[in-house]
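Data first, discussion second: the structure below is written as structure tokens.
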Amino acid sequence: MSDPLNPEQLRSLTPLNMLSEQQWRELRSQLVPQPVLAGQLLFRQGDQARLTYYLLAGELSLQAPDGQRESVLAGSAASCHPLSPSLPRRHEARALTDASVLTLDSATLNRLLTWRLTYQDLILELGHQDEDVEWLERLLDNPLFAKVPPSNVRSMLGRLQRLELPAGSTVLREGEVGDCCYFLYSGRAEVIRGAGSAHQVLAELEVGACFGEEALLADSPRNATVTLLEDGVVLRLARQDFFALLKAPVVDEVSLGEAARLLASGAQWLDVRLQEEYQRAHALESLNMPLQLLRLKARLLDKGRTYLCYCDSGKRSTNAVFLLAQLGFTAYVLRDGVDGLPAVQREGLLCESGSGYLARSGGRVERSR
């Protein structure tokens with residue numbers, strides 16, 4: 001199989017050239033040229049598959065319903081645009097020579113384009129004000145901001161407190177009360193859990209990263225320490241502003257009745273409690289992925305599926321939904337958790353011996369009893 005297209009090749013294709021490099025990375029698995037043999041049909045007139053096609057090499061024929069034919073040659077101006085983009089297709093496309101095409105999921109592409117256009121004016125405006133917008137572009141590349149209105153982002157930018165700190169500075173410390181979250185504007189930072197010889201490096205943060213929000217969402221002490229590895233700048237957002245501007249539009253709550261309708265459409269319960277809690281009682285066919293392991297095990301989840309997160313009080317599941325939004329998943333939180341349900345509903349949701357799934361180490365998911 002061919003290698004994915006490089007940025008120079010992507011910049012020649014409209015409207016792919018409007019996407020950021022981070023968005024291209026999100027599309028990476030689809031950015032692989034596919035061979036088409038001479039005489040092979042690419043799509044028929046009337047086809048309604050939600051796919052976007054580009055011609056990368058060779059020559060294609062586009063035939064209209066009235067029989068008129070148009071030849072498209074790779075490298076021409078026409079090949080820089082999608083082939084017969086309207087649905088249902090207005091043309092039949094057939095390869096005149098051996099060719100190579102790029103096929104993309106139209107829904108994903110449209111989502112990325114909509115996001116980019118939504119924030120483009122804001123980025124240009126700040127650039128005209130001689131603001132350094134690189135950190136903001138990297139921040140907005142986070143799928144989380146696909147759900148945050150531009151007006152909220154503008155308000156957030158006006159409420160951020162800028163802190164210039166030397167290398168070695170501790171921005172937040174494990175065990176402290178969380179009263180704000182931060183964004184990394186410049187420099188590099190390290191996330192550490194534990195102290196002394198028992199400490200564990202969890203991650204290295206890049207420019208644009210948001211950190212410290214977990215303590216706010218769970219209303220609990222900081223669960224890690226963040227230290228600057230080099231001189232840098234962090235931007236502080238107060239607790240009340242975080243809840244009003246970021247959490248509110250991102251974390252969608254559902255009632256048990258609304259959850260039932262989503263389950264009927266293919267959604268799945270995601271239990272973010274500890275395994276011991278899960279094994280005592282859990283929702284049927286639910287997947288157990290404890291909150292503290294969610295970031296590591298999220299690769300086991302399906303981005304094409306909707307997840308309904310629950311815990312006892314709703315705090316851990318709220319944290320989970322916020323995290324999943326940053327990773328590009330669609331997720332909802334059960335309002336007020338299982339403890340907020342009437343006894344009859346709680347007993348109907350949770351069972352002691354119903355089957356479910358456990359996320360194991362090594363990238364495995366196995367059935368539970």
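The values are calculated or read from the model by the stated rules, or taken from the named source; none is laboratory data. The shown structure was predicted, so the numbers you read here are calculated from the model rather than taken from an experiment. Cβ coordinates were reconstructed from backbone atoms using ideal geometry, including for glycine residues, and neighbour counts include every protein chain displayed.
In the stretch 179-207, what count of residues is obtained for those that are touching a Gly at 6+ places or on another chain (Cβ under 6 Å) and small (Gly, Ala, Ser)? Number satisfying all stated conditions: 2. Here the helices (runs of 4 or more DSSP H) wholly within the stretch 239-285 that include at least 3 residues being without any contact (Cβ under 8 Å) to a residue 12 or more places away in the chain are 256-264.
Does Asp271 satisfy being at positive phi, charged (D, E, K, R) and outside the structural domain of Ala215 (by TED's automatic domain parsing)?
When the stated conditions are applied, Asp271 does not pass them.
Considering the stretch 172-220, the qualifying strands (runs of 3 or more DSSP E), each wholly inside and each with 2 or more residues that are without any contact (Cβ under 8 Å) to a residue 12 or more places away in the chain, run over 200-205.
Test Gly194 against the criterion of being in the same structural domain as Leu140 (by TED's automatic domain parsing) and over 16 Å from Phe145 (Cα atoms), and give yes or no. For Gly194, the condition - in the same structural domain as Leu140 (by TED's automatic domain parsing) and over 16 Å from Phe145 (Cα atoms) - is met. Criterion applied to Leu31, Leu113 was being surrounded by 17 or more Cβ atoms within 10 Å (Cβ to Cβ), touching a residue at least 12 places away in the same chain (Cβ under 8 Å), at negative phi and outside the structural domain of Ala209 (by TED's automatic domain parsing), and the one residue passing it is Leu31. Number of residues in the stretch 118-136 that are part of a helix (DSSP H, G or I) and modelled with pLDDT under 80 equals 12. Name the single residue that is farthest from Val226 (Cα to Cα) among those in the stretch 134-171 being touching a residue at least 60 places away in the same chain (Cβ under 8 Å) and charged (D, E, K, R). The selected residue is Lys147.
One residue stands out in the stretch 18-34 among those that are more than 16 Å from the chain's Cα centre (by Cα) and in a loop (DSSP other than H, G, I, E, B): the one that is nearest to Leu124 (Cα to Cα), namely Leu31.
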